[in-house]
1. Given 5 Å bins starting at zero, what is the percent of C-alpha pairs of segment 28-264 in each, up to the one with the largest pair distance?
2. Around Cys200, what is the net charge, scoring Lys/Arg as +1 and Asp/Glu as -1 over all other residues with Cβ under 10 Å from its Cβ?
3. What size of dipole, in debye to the nearest 20, comes out for segment 243-368 about its Cα centre when the only charges are +1 on Lys and Arg C-beta atoms and -1 on Asp and Glu C-beta atoms?
4. Calculate, in nm to one decimal, what Ser14 and Glu217 gain on full extension: separation in residues at 0.36 nm each, minus their alpha carbon distance.
5. Determine how large the accessible area of Asp237 is when every protein chain is in place; take a 1.4 Å probe and give Å² rounded to the nearest 10.
6. When all alpha-carbon pairs of segment 268-367 are counted, what percent fall beyond 20 Å?
7. If R₀ is 35 angstrom, what is the calculated FRET efficiency for the pair Asp147 and Ala57, using the beta carbon separation as r and rounding to 0.05?
8. Hey, if you put +1 on the Cβ of every Lys and Arg and -1 on every Asp and Glu Cβ in the chain, which of Pro190, Gly224, Asn157 ends up farthest toward the positive end of that dipole?
Amino acid sequence: MATNTLSERIYNFSAGPAVLPLSVLQQAQAELLCLPGAGASILEISHRSPAFGEILASAESTLREILQIPANYRVLFLQGGSRLQFSMVPMNLLRDSGKTADYIVTGSWGSKAVDEAVKEGDVNLAWNGKSDNFNRLPTDDEVNLSDDSAYVYFTSNETIQGVQYRHEPATGGAPLICDASSDFLCRPLPVDQYGLIYACAQKNAGPAGVTVVIVREDLLEHSGDQLPGYLSYKEHDANGSMYNTPPTFGIYLVDLIAKWIRDEIGGLDKMAERNATKSGLLYDVIDQSEGFFTGHAETANRSWMNVTFTLPTPELEKKFVAQTKANGLDGLKGHRSVGGIRASIYNAQTPDAIHALRDFMVDFQKNN
Ligand SMILES: *Cc1c(COP(=O)(O)O)cnc(C)c1O
């Protein structure tokens, strides 16, 4: 039977869970048996212990520092992934509001968010890019907001299609809600323009199992008292993310990653520069390939995080995936709903990996 004999780290282009910074993994490895000061593993200590209390406080304060989160916003660490946020957002902010929620749908994840929101109240599809196969974002003029909007919802980076916002959509004064799962911490963010931002950690900010929610404090008042406790933002906030046992290991890694961005990268401005440069290297190959590689997203809406493209035939795409794998580059097959190739190049993706993929693409075109 074939066994996997890989013992060295490959170039990992997985869409999520995804690559993490090597130095963070090394620190976690070094501390796994005994968290300094705790006398036990992070996996073994109480969430009420002083050692974990310090980690939780540090994760929040480091996120506040790098994102410059204003004081009137709360930071929550939840479970259930972004899928639970598809429900929690309308449960807390739409249910019984008598208003309509506006959804700007620019890809697969936004569509799934709508599927959950309609269970909670009136939803207006303010824009839907499905007819263009989600290859672009709308201009503000194309978005039809309702008059009395509970909130305006959008997905800052559509992970499957590879389209990414570079600015906040207009809301006409309604709170702006963002699914930032796959581009959280990829650049600075004007948090004060948002009502609520959420991100599952496993794309850009940590391991699966923890979801960061940043919410403006006045919105907490909308959480109805009849909501199940776990589904209420107000309840989580009142308990300082300790309503139940929080995902302690995930929070520990989010803290290490926020510190990696601050201390090793040099902050979110630097992170943004690095991401623009990295993605630019791959888009350049696509643009200079004279049609051999075709980008899925329109140029102005291209994602820094997920580079999506096709080759002239499905056979060549199969060959591309097989040969990349044989060359130590993995995770490049596009999502089954879109096909083609997707290179996920989140914050932790190293310039080395990008160079390896770029060189492979150039050679592959020459040889085919
Ligand atoms: C991955 C992803 C999700 C789903 O996250 P889960 O944690 O699996 O629920 C939602 N939205 C976006 C933009 C994603 O990239």
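1. Result, from short to long distances: 1, 7, 14, 18, 19, 16, 11, 7, 4, 2, 1, 0 percent.
2. Surrounding charge for Cys200 is +1.
3. Charge dipole of segment 243-368: 320 debye, to the nearest 20.
4. On the way: separation 203, 0.36 × 203 = 73.08 nm, distance 3.51 nm.
Full-extension gain reported as 69.6 nm.
5. 40
6. Working: 1579 of 4950 pairs.
Of the Cα pairs, 32 percent sit more than 20 Å apart.
7. Values: r = 42 Å, r/R0 = 1.21.
For Asp147 and Ala57, the calculated efficiency is 0.25.
8. The one lying farthest along the dipole's positive direction is Asn157.
The values are calculated or read from the model by the stated rules, or taken from the named source; none is laboratory data. These numbers were taken from a predicted model, which means no experiment stands behind them. When we count neighbours, we look across all protein chains shown, and the Cβ atoms used for this are built from the backbone with ideal geometry, even at glycine. Side chains included, ligands, DNA and RNA excluded: accessible areas come from the protein's heavy atoms. Shrake-Rupley method; radii C 1.70, N 1.55, O 1.52, S 1.80 Å.
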